[in-house]
């Protein structure tokens, strides 16, 4: 009787752990709805995958990766300055090639009056205009891109089309430690409850 009594905390711990383990498994399984004695069973995430996709799409498009945030980042003068520093050598090389090679080919008469000094002056003017025009172009481009590229729709379609196995793999990769913690807590609480029952029995 005494041995059986002290087995109660271990049995309770196992039941607590097993109950939480089953609950976690039921988040993902069964992946397809099945009926047992008229009751339908379906994993929570597979069943709610479409709603999950829609919520995630709204979250990504409005909070995590909104076009407004991207536009503000791109149109920031400091960032534009860095981008211009990266692009200007290529732009200057292209303008120089245009003035020295393509222009003479297309308009030989004009090229006769364009010397090195004129080319240098024209390059300076072109680059100055590009520095003024570039921020406007980026802002307009982001506005057009926002109309054509629906982030929310893309996320919803991607997540909705995930297989149940892929969805489970992603969620387990993110929350595996938390799930394990829930299982352990179930065992610990079960053990404590069983221990409490033993104490009550011994004191009664």
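Read the figures in this text as sums done on the coordinates, not as results from a lab. Computed from a prediction, not measured in an experiment: that's the story for all the values here. Positions of Cβ are backbone-derived with ideal geometry, glycine not excepted, and every protein chain shown enters the neighbour counts.
Okay, here's what the table says:
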read-out	value
Using alpha-carbon coordinates, inclination of helix 116-148 to the longest axis of the chain, degrees	30
Answer label for Rg and Dmax of the Cα atoms in Å (calculated), chosen among (i) 21.4, 66; (ii) 33.4, 114; (iii) 19.8, 63	(ii)
Tilt relative to the chain, helix 2-28 - C-alpha long axis, 0 to 90 degrees, to 10	30
Spin-label proximity, residue 68 to region 110-144 - amide N less than 17 Å from point 7 Å beyond Cα toward beta carbon	142-144
Top of 119, 22, 110 by mean-square fluctuation, Gaussian network on the chain, Cα under 10 Å	110
For region 2-57, the fraction of alpha-carbon pairs in successive 10 Å shells from zero, as %	21, 29, 25, 16, 7, 2
Exposure proxy ranking, count of Cβ atoms within 10 Å, fewest first, for 36, 170	36, 170
Choice from 28, 126, 18 with maximal GNM fluctuation in the chain (Cα, 10 Å cutoff)	126
Linear extension gain, residue 22 paired with residue 157, 0.36 nm per residue minus alpha-carbon span	45.6 nm
Helical contribution to [θ] at 222 nm, DSSP H n ≥ 4, -39,500 (n - 2.57), averaged over the chain, rounded to 500	-26500 deg cm²/dmol
Cα-Cα P(r), region 42-162, percent of pairs per 5 Å interval	2, 9, 14, 12, 11, 10, 9, 8, 7, 6, 5, 4, 2, 1, 1, 0, 0
Gained length - residue 138 relative to residue 123, 0.36 nm times residue gap less alpha-carbon distance	3.2 nm
Label-point separation in nm, residue 35 to residue 198, each point 7 Å along Cα→Cβ	4.7
0 to 90° range, to nearest 10: angle between helix 164-203 axis and the chain longest Cα axis	30
Gain in span if fully extended, residue 164 to residue 109, counting 0.36 nm per residue against the direct Cα distance	12.9 nm
